[in-house]
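The values are calculated or read from the model by the stated rules, or taken from the named source; none is laboratory data. Remember, it's a predicted structure, so these values are computed and weren't measured experimentally. Positions of Cβ are backbone-derived with ideal geometry, glycine not excepted, and every protein chain shown enters the neighbour counts. Ligands, DNA and RNA are stripped out before the accessible areas are found, and what is left, the full protein with its side chains, is counted by its heavy atoms. Shrake-Rupley method; radii C 1.70, N 1.55, O 1.52, S 1.80 Å.
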Amino acid sequence: MKKIIIIVLSIILIVMIGYYFNDQYHFIGGGDSESKPSEKPSGVSNTVYVGEVHRFNNDSNLSSSNDKVAIVGDKMVLFVGEGNVIITYNGTEKKEYKVIEKENEVKVNRITIENNLIEIHVGESADLKVTFEPDNATYKNVVWQSNKPNVVSVDNGKVKGLQVGEAVVSLKGARGKTAQALVKVLDNTINVSNVTLDKQNVALTIGEESNIKATISPSNATEKTITWSSSDNSVVSVDNNGHIKALKNGTAVIKATSGNGVSAICNVTVGIPVEKLTLSKTSTTLKVGASEKLYVAFSPTDATNRKVTWSSSDASVVAVEKGVITAKGVGTAIIGVTSTNGKTASCTVTVTN
């Protein structure tokens, strides 16, 4: 009988020691201990403190049977109030916790997010600064959440803009303490505000070509592509670089447009080119001091660009201005006239005393 009593007492002592170490396991590491479900038998109650966090590595499928006692975050559980709670992990496995107040704990009275209104661009990140009152609180653990995770993600207080919009990022601590921040995500595109062209009016003749240069502002615009177009491609054609070519007599408007719809225009007039120039005289004789007017005939007669340039082979003998020649000294000089497309004609002038 004495042997049986000793055996029973030994068994009871072993069981009591096992429960003692089972409870002590969760106090190791202070306010952020790590739960290791695989090392604990299922169904055994684990005693933890309000404010503690247990982490479940490689497992984000967590749920709590009582949100007033424990709330779940990303691979973590925060114990927020006294009571019993069952945490489900790995989809079906369960772990029971008993949550109690810690003796002599310095409790958090208030949690504040200092930068509670911030603006970031898509792809940018920022840290939310959290303060606890009092600063020497025993546990400073919180669970973060974004009400629009497709707009703003949050990871341990670091927010990241994912797309244009707004999201409220909140944190929850023990005993119902909460704080929020509004995060606005802005478009990081710098739009073109103005387009200018180096030419606003261009006169060409059939077959002539020219280049139009576009400048956008601001110079650091994100999308700098310019699309070129002609109001009448049969009159003036334009390529992707603003190079224009006159095809037939008429007018056309060349437009340069930015990706966000800002544009500028250039008016192009296409005339009939000069094919031949003829002067009223091919030779003439003048005395020193005399003057004479030379006239230009254009072929075809409906040629549109009739601008010409006059020149003298020896201005000390004969000077010329707008077709008027003046004899300056004895000798011979050739007066020339040239159209804008390079057609020429000349007159030989002899000057005598």
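With all projection directions averaged, the alpha carbon convex hull of the chain covers 33.3 nm². First select every other residue whose beta carbon is under 11 angstrom from the beta carbon of residue 228; then total the charges, Lys and Arg +1, Asp and Glu -1. Its environment carries a net charge of 0.
Which net charge results for the neighbourhood of residue 109, defined as the other residues with beta-carbon distances under 13 angstrom from its beta-carbon, given Lys and Arg at +1 and Asp and Glu at -1?
Numbers: positive: 107, 110, 140, 175, 177; negative: 105, 133, 135.
My count for the surroundings of residue 109 gives +2.
Our estimate of slack between residue 75 and residue 61, defined as 0.36 nm per intervening residue step minus the Cα-Cα distance, is 4.3 nm. Considering only alpha-carbon pairs that sit under 8 angstrom and 6 or more positions apart, the relative contact order computed for segment 231-353 is 22 percent. Here's the picture: charge each Lys and Arg Cβ at +1 and each Asp and Glu Cβ at -1 in segment 263-345, and of 301, 263, 329 the one pushed furthest to the positive end of that dipole is 329. With the simple spin-label model, which puts each label point 7 Å out from Cα in the Cβ direction, the residue 307 to residue 241 separation comes to 2.5 nm. Between amide H atoms placed 1.01 Å from N, distances below 5 Å from residue 237 occur with 245, 247, all of them 5 or more places distant or on a separate chain. From the alpha carbon centroid of segment 44-109 to that of segment 282-301 is 108 Å.
For residue 199, the lysines whose Cα comes closer than 23 Å to its Cα, not counting residues fewer than 8 places off in the same chain, are 213, 224, 245, 248, 255, 307.
Annotation: amide H of residue 47 within the under-5 Å range of 98, sequence separation 5 or more or interchain, hydrogens built in the peptide plane. Ligands, DNA and RNA aside, residue 140 has an accessible area near 80 Å² when probed at 1.4 Å.
Residues whose amide H comes within less than 5 Å of that of residue 290, counting only those at least five positions distant or on another chain, are 327 (H built at 1.01 Å from N in the peptide plane). Within the chain, DSSP assigns beta bridges of which about 80% are antiparallel (rounded to the nearest 5).
Assuming 0.36 nm per residue, please report the length gained on full extension of the stretch residue 129 to residue 200 beyond their Cα-Cα distance.
Numbers: separation 71, 0.36 × 71 = 25.56 nm, distance 5.47 nm.
Answer, rounded to one decimal: 20.1 nm.
Computed over segment 42-185, the percent of Cα pairs more than 26 Å apart is 30. Computed extension length for residue 150-residue 94: 17.1 nm, one decimal, from 0.36 nm per residue of separation with the Cα-Cα distance subtracted. Helix content alone sets the calculated 222 nm mean residue ellipticity of the chain: runs of n ≥ 4 DSSP H residues at -39500 (n - 2.57) each, divided across all residues, give -2500 deg cm²/dmol. Within the same chain, aspartates and glutamates fewer than 8 places from residue 102 are excluded, and of the rest, those with a Cα less than 13 Å from its Cα are 52, 82.
Taking a straight line from the alpha carbon of residue 281, these aspartates and glutamates sit under 12 Å away, with near neighbours fewer than eight places off in the same chain left out: 292. Counting charges near residue 137 (Lys, Arg +1; Asp, Glu -1) among other residues having Cβ under 12 Å from its Cβ returns a value of +3.
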